[in-house]
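The values are calculated or read from the model by the stated rules, or taken from the named source; none is laboratory data. Quick caveat: nothing in here was measured; it's all calculated off a predicted structure. Ideal geometry is used to build each Cβ from the backbone, glycine not excepted, and the neighbour counts take in all protein chains shown.
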Amino acid sequence: MSATRVLFIGGTGIISSAASALAAERGMEVTLLNRGRSRRAPADGVEVLTADIADAAAVDAALAGREFDVVADMVAFTPDQVQRDIDRFEGRTGQYVFISSASAYQKPVARLPITESTPLRNPFWQYSRDKIACEELLAEVYRDRAFPVTVLRPSHTYDKWTIPAFGGWTAIDRIRRNEEIIVHGDGTSLWTLTHASDFAVGFVGLLGNPLAYGDTFQITSDFVYTWNEIYSILGRAAGAEPRLRYATSAAIESAAPERSGQLTGDMAHSVVFDNTKIRRVVPEFNPTVALHRAADEIIEWHDTHPELQRVDPDLDTLFSRFVDERA
């Protein structure tokens, strides 16, 4: 039997780096198509083609008419981008994998745990509404033309390159400077964090899997924390106990409109997921990496890579302003 041929559009992001590496490790023929600008190096044993997916001529030249068993687009965010993929790959792939988002589920959340049948509705965040529209387009072409789509809904997925908290490295920098950081609400809402290596097991188990065609799967861990716990774990890894100050999500977004929807449309809501469906189809899916295990690696990686220690001056100023106003 020949190896499964997988094309990742992107392939060097948080999710796709781990997934492409695991796919190659399991003997799949993995090809990455991207612009070649990521800080993350491609995994050993994968083929890399350089082209911007938005440049049709460059993509044509890079792919040279090749067909793949699986095409996974990691950088499609709008219906126009999904339609571009449908036009290009219909009839040329056995499976098209679309990365949606668990933020597309209804907000406020009506009941927990969240399952794949939880309604999709997010009036707060344009990012989520675009993902919903993409899913609707793909459901239509699957029904009408049997386009072999599989939709995945990750929640907050992270790796050693990322600080899994609002504020990113800016928050860690303030913690180390003994400056207060702003946390939405009262810090007690529940949040699920999934390490990319755990997500990859579920992801790769669906590639070329006929049980996944025409279906949707959420892939998250079972590790659930309050935001107070998340900052405490990260702070201890960074060598300092965080000093937390609270503000409403609406107030934070009002002061930082460029982040509109990120809190009110996602992080402000408790999210706990039922992963029964992915476990049924991919029995080996069993997340093992908890944040308290990953936090030391995250901080150590950032400490040894100063270029990742990017403090957002606008966000730092925003935090300070909230602290001063509530002093």
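Taking the numbered list (1) under 18 Å from TYR96 (Cα atoms); (2) of a type outside the set (D, E, K, R); (3) touching a residue at least 24 places away in the same chain (Cβ under 8 Å) in turn, SER38 passes all entries but (1). If you go through the stretch 52-77 and pick out every residue that is free of Cβ contacts under 8 Å to residues at least 24 places away in the same chain and either of a type in the set (Val, Ile, Thr) or on the phi > 0 side of the Ramachandran plot (or both), you end up with 2. For the stretch 89-103, does any single residue satisfy the condition of being touching a residue at least 40 places away in the same chain (Cβ under 8 Å), closer than 24 Å to PHE199 by Cβ and acidic (Asp, Glu)? For the stretch 89-103, residues touching a residue at least 40 places away in the same chain (Cβ under 8 Å), closer than 24 Å to PHE199 by Cβ and acidic (Asp, Glu): absent.
Which count do you get for residues in the stretch 245-300 that are assigned to a strand (DSSP E or B) and closer than 30 Å to ASP215 by Cα?
Total satisfying the criteria: 1.
Regarding the stretch 19-33, can at least one residue be identified that is over 18 Å from the mean Cα position of the chain (by Cα), modelled with pLDDT under 95 and surrounded by fewer than 22 Cβ atoms within 10 Å (Cβ to Cβ)? No: the stretch 19-33 contains no residue that is over 18 Å from the mean Cα position of the chain (by Cα), modelled with pLDDT under 95 and surrounded by fewer than 22 Cβ atoms within 10 Å (Cβ to Cβ).
Could you grab me the full set of residues in the stretch 89-115 that are of a type outside the set (S, T, N, Q) and either crowded, with 18+ Cβ neighbours inside 10 Å or not assigned by TED's automatic domain parsing to the domain that holds ARG153 (or both)?
The initial filter retains those residues of the stretch 89-115 that are of a type outside the set (S, T, N, Q), namely 89-92, 94, 96-99, 102, 104-105, 107-114.
Scanning the stretch 89-115 gives PHE89, TYR96, VAL97, PHE98, ILE99, ALA102, ALA104, TYR105, LYS107, ILE114.
Could you say which residue among TYR246, TYR231 is under 25 Å from the mean Cα position of the chain (by Cα) and of a type outside the set (D, E, K, R)? Talk me through it step by step, then tell me what you get.
On the way: TYR246 fails: under 25 Å from the mean Cα position of the chain (by Cα).
None of the others qualify; the one that does is TYR231.
In the set (1) closer than 28 Å to PRO287 by Cα; (2) in contact with a Phe, Trp or Tyr (Cβ under 8 Å, 6 or more places away or on another chain); (3) surrounded by 18 or more Cβ atoms within 10 Å (Cβ to Cβ), the condition left unmet by ILE252 is number (1). Scanning the stretch 109-126 for residues that are in a strand (DSSP E or B) and either touching a residue at least 24 places away in the same chain (Cβ under 8 Å) or not hydrophobic (A, V, I, L, M, F, W, C) (or both) yields a total of 1. Selection of the stretch 261-276 for residues being out of contact with any strand residue (DSSP E or B) (no Cβ under 6 Å at 6 or more places or on another chain) and modelled with pLDDT of 95 or more yields THR264, GLY265, ASP266, MET267, HIS269, ASP274, ASN275, THR276.
Take the conditions in the same structural domain as THR115 (by TED's automatic domain parsing), touching a residue at least 60 places away in the same chain (Cβ under 8 Å) and of a type in the set (Lys, Arg) and apply them to ARG153. Does it pass? Spell out how you get there, then give the answer.
Values: in the same structural domain as THR115 (by TED's automatic domain parsing): yes; touching a residue at least 60 places away in the same chain (Cβ under 8 Å): yes; of a type in the set (Lys, Arg): yes.
Yes; evaluated as a whole, the condition is true for this residue.
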